Amino acid sequence: MTETLGERRRRGEDDATAPFVLDRSSVRPPTTEPPPTHETGASPNPDEHAHDEHDGVVDLVSRRSIPSSEPLPAPAATSRANDTRRLDKPGRRAARWLAWALVVDALVLLTLAFTSLGRLLDEGAGAPDLLIGSVSLVLALPCVLGARHLAGVGRRTSTPTHDAHGFAQGIGHLRALFVIKATVLFMTLGLGCFAFWLIASLLALL
Amino acid sequence: MRRLAELPFDPRDERAIDGTARWMGALGRFQVLAGALVLFVSIGVVVAWTFAAVTAPEIESDTTPPLVRLGEVSALQFGSVLGGIVFLGILVLRGGVLLTDAAEDLEHHIHATDEDAPYLEDALHALANAFFIDATLLAILGGGLVWLGSLA
């Protein structure tokens with residue numbers, strides 16, 4: 001069974017693209033006696049110690065001394081939360097583009113809402129204006145909240161964890177919008193089909 | 001630099017994105033259905049109009065007047081209204097396709113086995129275009145409703 005990215009993330013494992021966190025203690029356990037190295041002149045032949053071992057398992061890496069100036073290899077598991085790299089430009093642009101689209105949508109909805117409610121207050125218009133105004137207000141709220149969260153993704157001051165939560169919250173706010181729209185559209189389609197069938201049946205009777 | 005796919009989403013974040021993607025896909029499919037319905041009805045209306053224009057003088061008689069008379073409508077008026085309806089249907093259809101694409105990209109990201117494909121960036125672009133289309137539709141339909149309300 002193929003392991004998914006989400007499962008790997010939940011276990012805290014990282015992939016090859018993750019950044020390095022230098023931790024010398026996690027690379028090699030401390031030893032009381034340093035192993036003989038080539039730098040100390042113990043053996044001129046690099047493979048000599050490997051041939052000296054009789055158990056068949058030779059850790060050549062542990063025999064090698066690492067100067068303090070040389071960077072250590074990365075450990076296998078590194079937490080993503082420690083990564084402080086900033087979001088790249090395509091990611092920031094995509095999040096802000098969606099935030100702008102939500103702002104435009106919210107502006108249109110708020111214009112509709114205030115126009116309808118203004119007419120309702122001025123002229124005492126009927127239920128359609130009240131319905132349009134209230135539905136537009138309800139639909140504009142998730143757009144504004146989603147745009148607010150998505151616009152904050154990728155800021156210079158935000159951490160990757162903050163970016164991830166902001167992104168998820170921005171997308172999550174849109175869920176209410178999609179639920180309302182899908183329900184209304186489903187009912188409209190159902191009622192439209194029923195009305196079409198009814199009219200067609202009546203015309204067939206005539 | 002870090003890509004969007006490398007953001008450290010925790011399970012709660014992934015659940016929120018997954019839930020939104022499901023409803024987004026449902027709405028997209030409903031919109032595709034509604035747009036296709038509008039286009040099919042428009043085609044049917046064009047066929048009926050053409051058929052009526054060709055055969056109406058032959059079947060109309062003085063003794064049996066037509067059951068419903070909608071008044072005289074010029075071909076230009078009819079074409080304008082039908083063109084507007086077809087345009088709205090295409091907008092609804094395109095918005096639905098974009099929403100479905102965005103939902104599938106979000107679900108691919110959640111269940112992905114590789115991080116190289118830019119699923120999240122594609123999803124956000126498709127979603128943004130869908131919201132721009134939605135704003136255009138709302139402006140047209142809402143403006144029309146308010147205008148009709150002012151006439152009544």
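The values are calculated or read from the model by the stated rules, or taken from the named source; none is laboratory data. Remember, predicted model here, so these are calculated numbers, not experimental data. Glycine gets a Cβ as well: all are built from the backbone with ideal geometry, and neighbour counts include every protein chain shown. All accessible areas refer to the heavy atoms of the entire protein, side chains included, with ligands and DNA or RNA removed. Shrake-Rupley method; radii C 1.70, N 1.55, O 1.52, S 1.80 Å.
For a quick check of understanding: with a 1.4 angstrom probe and all protein chains in place, what accessible area in square angstrom does B:THR136 have, to the nearest ten?
Counting only protein heavy atoms, B:THR136 exposes about 60 Å² to solvent.
Probe radius 1.4 Å, ligands and nucleic acids left out: can you give me the accessible area buried at the A-B interface, summed over both chains, in Å² to the nearest hundred?
Accessible area lost upon association: around 5000 Å².
Check which residues have an amide H placed less than 5 Å from A:LEU87's amide H, if you skip close sequence neighbours.
Amide H to amide H, under 5 Å and 5 or more residues apart or across chains, A:LEU87 pairs with B:ARG2.
Relative contact order (percent) for the stretch A:125-206, with alpha-carbon contacts under 8 angstrom and 6 or more residues of separation?
27 percent
Quick check on packing: order B:124-132, B:27-35, A:187-195, A:116-124 by the mean number of other C-beta atoms within 10 Å, highest mean leading.
Top of the packing list down: B:124-132, B:27-35, A:116-124, A:187-195.
Per residue of the stretch A:134-145, in order, report the coupling 6.51 cos²θ - 1.76 cosθ + 1.60 (Karplus, θ = phi - 60°) as ³J(HN,Hα) in whole Hz, putting x for Gly and Pro.
Working through the residues one at a time gives 5, 5, 5, 5, 5, 6, 6, 4, x, 5, 5, 5 Hz.
Within 10 Å of each Cβ of B:88-95, how many other protein chain Cβ atoms are there on average?
If you average over the peptide's residues, the count of other-chain Cβ atoms is 0.
Count, for each residue of B:26-37, the Cβ atoms from other chains sitting within 10 Å of its Cβ, then give me the mean as a whole number.
Numbers: counts 7, 10, 2, 2, 8, 4, 0, 3, 5, 0, 0, 4.
Counting other chains' Cβ atoms within 10 Å and averaging over B:26-37 gives 4.
Using only atoms on other chains, find how many Cβ atoms lie within 10 Å of each Cβ of peptide B:19-25 and report the average. Kindly include the intermediate steps, with their values, before the conclusion.
Details: counts 5, 12, 3, 3, 10, 8, 2.
That works out to 6 on average.
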